[in-house]
Amino acid sequence: MANKENEDLQEEVTEVNETADETVQDQSTDAESAEASDSEEKSELEILSEQIDSLKEENSELKNQYLRKHADFENYRKRMAREKADSVKYGNQELLKDLIEVIDNFDRAIKSSADSQDFNSFKEGISMIEQQFTGMLESKWGLTKMNCTGSEYDPNSHEALMMEESADIEVPTVLEDFQAGYTLHDRVLRPAKVKVGKPAASAPAAEEADTESDKGAEA
């Protein structure tokens, strides 16, 4: 009987020990799980912190790039405005250089005429300067003087100041230039002021007009 009680007691002790071992094991497992969870949370926080730092650095770099680009654009805009102003201010520089040479020729002609008192030589000199001047304007700057006399009347190129009938022409024709016209490349810069001849009315038409006029007078 005593042996049986001892056996039962040993079994109970064994069960208690096993239960205690399981409890300790469970607690150990829970502690390990908690540590692992804490480690994972810490790892995620570190990752997020690194990402935030990386984004801050990227944002700072982009901001610096924007400021540099903005400064470059402002400098470019100011430079273009300055170049445009200079272009307007000095745009006729090359033309004026050519005109200075013409002025020099006039000065020489005037001094020469003062010394020689030769009107014919002075006239020839002025004529040469005019030819040089117009030739330079045409060859270097595209300014061409119109030769209108004898050409067909063109309202786009000619400004008619006078008109007269002529039996020698079949279409309206420029008879005389009062003021020369000029073209700049292919564009009319100034129309020529001209006298225009128009075809005379035919004889039958004139007689019919006279007859109608006489009938009107008799009525």
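The values are calculated or read from the model by the stated rules, or taken from the named source; none is laboratory data. These figures come from a predicted structure and were not determined experimentally. Please note: Cβ atoms are built from the backbone with ideal geometry, for glycine as well, and neighbour counts cover all protein chains shown.
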- Query: Can you tell me which residues in the stretch 140-169 are in contact with an Asp or Glu (Cβ under 7 Å, 6 or more places away or on another chain) and either at pLDDT below 90 or surrounded by 14 or more Cβ atoms within 10 Å (Cβ to Cβ) (or both)?
  - Reply: Thr144, Cys148
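Look through the stretch 82-124, keep the residues that are of a type in the set (Gly, Ala, Ser) and in a helix (DSSP H, G or I), and return whichever of them is surrounded by the most Cβ atoms within 10 Å (Cβ to Cβ).
First, pick out the residues of the stretch 82-124 that are of a type in the set (Gly, Ala, Ser): 85, 87, 91, 109, 112-114, 116, 121.
Cutting the leftovers down to in a helix (DSSP H, G or I) gives us 85, 87, 109, 112-114, 116, 121.
Working: Ala85: 10, Ser87: 10, Ala109: 18, Ser112: 13, Ser113: 16, Ala114: 9, Ser116: 11, Ser121: 13.
So the residue we want is Ala109.
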